[in-house]
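Have a look at the structure below, then the notes.
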Amino acid sequence: MDYLKSRKNAYAVLLSGLILGVIIAFLINDDPDTSTLVAAGAIGVVIGEAVMFWRWSKQRKTKQRED
């Protein structure tokens, strides 16, 4: 349970990216089919992972400067 609490922000960002991808699919197409939603969701997850990697990279650089 402690692991999930520590990863709460990461999951929130990934979920936000997934929702963003689905919203984009509905904006592009009024009635998206399943493959469009899956592709848009995958793009959203990639965006969420990119944000998490950027945050991790930024924190890592800050810690290296402190050492």
Neighbour net charge for residue 58 - beta-carbon separation under 14 angstrom, K R +1, D E -1: +4
Rounded to the nearest 10 degrees, what's the angle between the helix 34-66 long axis and the longest principal axis of the chain, both from Cα atoms, 0 to 90? 10 degrees
Among 13, 57, 40, whose Cα sits farthest toward the positive end of the charge dipole of the chain (+1 at Cβ of Lys/Arg, -1 at Cβ of Asp/Glu, about the Cα centre)? 57
Under a Cβ-only charge scheme (Lys and Arg +1, Asp and Glu -1), can you give me the dipole magnitude of the chain about the Cα centre, in debye to the nearest 20? 640 debye
So, over other residues within a Cβ distance under 15 Å of residue 37, counting Lys, Arg +1 and Asp, Glu -1, the net charge is -3
Among 38, 22, 13, determine the one that fluctuates most according to a GNM of the chain built with springs between C-alpha atoms less than 10 Å apart. 38
Work out from phi, with θ = phi - 60° and the Karplus expression 6.51 cos²θ - 1.76 cosθ + 1.60, the ³J(HN,Hα) of each residue of segment 9-17, listed in order in whole Hz, and give x for Gly and Pro. 5, 5, 5, 5, 5, 5, 5, 4, x
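Rule-based calculations on the coordinates, nothing more; no lab input. Values in this document were obtained by computation on a predicted structure and should not be read as measured data. All Cβ positions, even for glycine, are placed from backbone atoms using ideal geometry, and neighbour counts span all protein chains on display.
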